[in-house]
Amino acid sequence: MTIRVLIVDDSATMRAILMSRLRQQPDIEVVGAASDAAEGRAMIKSLDPDVVTLDIEMPGMNGLDFLEKIMTLRPTPVIIVSGATREGNEVTARALALGAVDCYSKYDPSGKLAFEDGGRLAGMIRQAAQISYEKPGKSPSAAPSAGSKAIRRDARLIAVGSSTGGVEALQVLLRDFPQDCPPTVIVQHVNPRFAPAIARTLDQVCPAKVGVAVHDMPLRPGHVYLAAEADHHLLVKGGDVLYAKLRKGEPISGHVPSVDALFHSVAQYVGAGAVGILLTGMGQDGAKGLLAMSEAGAHTIVQDESTCIVFGMPRAAISLGAARVVAPINRIAHHALSMAA
């Protein structure tokens, strides 16, 4: 199947570079190139592309405002292609929170324009093309909050895994966490350099304190810890006091950090005192680990298909019998904090 791509970028040079690069891919067709949001909006309507690449800094309506309109009015897989993403700043975090599938930097690590990227952008486009927005009400942010009344806070730890669409889903999940929630650890599939900005974004909506996990950090109530170390898995270890451990290692289930690695460590060291949550994402990372948590007596929850951007990871967990509860994203905090079956 040919993937139809629309490029939206105000730089004629960058449009030419992207078109030349993508046209070398036999399964990708560039169906149009727009110089601003107004032209991009018209082309999305007329061409109905499978994937849009979108610059952030453009005249008139900027890329973030345009992205928000796309995801509200005509949801389409979007990859941000911008120089503004290279430092992993709040621009990147906001783009992911608004529904961008991924962020691609125009520049290489030395700060030079990335004329060659080894097919990385094409790979992002192939992944984005697998996402479907056909169901109404699919955006988690559109679902009303259920609140978290009559909750119990006796879980020792909450462990969360998410991937594609996960930043959006995490905002919905964490806004219903109380200020004194159990220690919570999260593996979100994202370039680790973007993780600190994502943590700051999540901290703005979560009553508890959200930050990045640090090696040997004690895990405390009222705190949420996001994996943020490149080439390291986030693990949990300890006895009466639980600690975050960062272990350098090879990919597990295709990822570093890996949700499976986190969940297996939680099953071993926390067992029945834990809650495991698996959210939207592509692939199977987290499914086997969630099963290990369930077999250790933990309470396990997965996001339902109707509110997932991609149902792959939750579906894999359900197929293994790892999920005790399947719930829409706006009900998961209630199930996790009440420990309700």
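The values are calculated or read from the model by the stated rules, or taken from the named source; none is laboratory data. Since this is a predicted model, take the numbers as computed values, not measurements. As a convention, Cβ positions derive from the backbone with ideal geometry for all residues, glycine included, and neighbour counts pool all protein chains shown.
Worth a mention:
- Odd one out for Gly271 among (1) within 20 Å of Ile158 (Cα to Cα); (2) surrounded by 22 or more Cβ atoms within 10 Å (Cβ to Cβ): (2)
- All positions within the stretch 43-67 that are surrounded by 15 or more Cβ atoms within 10 Å (Cβ to Cβ), of a type outside the set (A, V, I, L, M) and without any contact (Cβ under 8 Å) to a residue 60 or more places away in the chain: Pro49, Asp55, Asn62, Gly63, Phe66
- Failed item, numbered, when Ala114 is tested on (1) among the aliphatic types (A, V, I, L, M); (2) modelled with pLDDT under 90; (3) surrounded by 14 or more Cβ atoms within 10 Å (Cβ to Cβ); (4) assigned by TED's automatic domain parsing to the domain that holds His299: (4)
Table: residues versus (1) basic (Lys, Arg); (2) in the same structural domain as Ala122 (by TED's automatic domain parsing); (3) under 25 Å from the mean Cα position of the chain (by Cα); (4) closer than 19 Å to Tyr107 by Cα.
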site: Ala16; (1), (2), (3), (4): no, yes, no, yes
site: Arg21; (1), (2), (3), (4): yes, yes, no, yes
site: Pro26; (1), (2), (3), (4): no, yes, no, no
site: Val31; (1), (2), (3), (4): no, yes, no, no
site: Asp36; (1), (2), (3), (4): no, yes, no, no
site: Glu39; (1), (2), (3), (4): no, yes, no, no
site: Ala42; (1), (2), (3), (4): no, yes, no, no
site: Lys45; (1), (2), (3), (4): yes, yes, no, no
site: Ile56; (1), (2), (3), (4): no, yes, yes, yes
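- Flag for Leu47 being over 26 Å from Val167 (Cβ atoms), in contact with a Gly (Cβ under 8 Å, 6 or more places away or on another chain) and not basic (Lys, Arg): yes
- Filter result (surrounded by fewer than 24 Cβ atoms within 10 Å (Cβ to Cβ) and either outside the structural domain of Ala298 (by TED's automatic domain parsing) or under 20 Å from Ala296 (Cβ atoms) (or both)) within the stretch 248-264: Ile252, Ser253, His264
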